[in-house]
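What follows is a set of notes on a single structure, which appears directly below.
The values are calculated or read from the model by the stated rules, or taken from the named source; none is laboratory data. Please read all numbers here as calculations on a predicted model, not as lab measurements. Counting neighbours? That spans all protein chains shown, and the Cβs are built from the backbone with ideal geometry, glycine included. In case anyone asks, the SASA skips ligands and DNA or RNA and just uses the protein heavy atoms, side chains included. Shrake-Rupley method; radii C 1.70, N 1.55, O 1.52, S 1.80 Å.
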Amino acid sequence: APERADLYMALGLAYEAEQNYAAAERAYGRFAAVCPDCRPEADVLLAHAYAAAGDSARADAALARPKVRASADPGDIAAALIAMNRRTEALRALRSFPKGEVAHLALDPRLDPVRSDPRFKKYLTAPA
């Protein structure tokens, strides 16, 4: 039976929430293996996991891989940049997020470090 890539992505996010970064890394690797077209998204998720685990060199390398910035979810790019302590760059990345879809950004716990930033609040409340 074919495997569902989205389940590996969700599993990786769940492992990260539990601070089990090694398991998250494995899940994201499987996500990319099951869905080769999802590699840029897997890389940005890996960048977040690496940064959260304190491995800034691997986080930088994952975020610098081809197509990551062009095709990965801007919310996930922002989350990775926040974990890398690059808040201003993270808030800039959110500008490319579709305004009609910002509701889930208000709930994403990976964005908690910038939630009180006036620039983030302004972005969430700006008209579409």
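Spacing of the modelled spin labels on A61 and A106, each 7 Å from Cα toward Cβ, amounts to 4.0 nm.
Spacing of the modelled spin labels on R92 and D37, each 7 Å from Cα toward Cβ, amounts to 3.0 nm.
Along each principal axis, taking the top coordinate minus the bottom one, the Cα set of the chain gives 44, 31, 28 Å in descending order. Translational diffusion of region 46-91, estimated by Stokes-Einstein from the Kirkwood radius over alpha carbon pairs at 20 °C in a medium of 1.002 mPa s, is 212 µm² per second. Split the accessible area of the chain by element, probe 1.4 Å, and carbon with sulfur accounts for 55%. In the context of the full protein assembly, R92 retains an accessible surface of approximately 120 Å², using a probe radius of 1.4 Å and ignoring ligands and nucleic acids. Entry note, the chain: the mean residue ellipticity at 222 nm calculated from DSSP H runs of n ≥ 4, each adding -39500 (n - 2.57), is -18000 deg cm²/dmol after division by the residues and rounding to the nearest 500. Between R69 and A17, the contour length at 0.36 nm per residue exceeds the alpha carbon distance by 16.4 nm.
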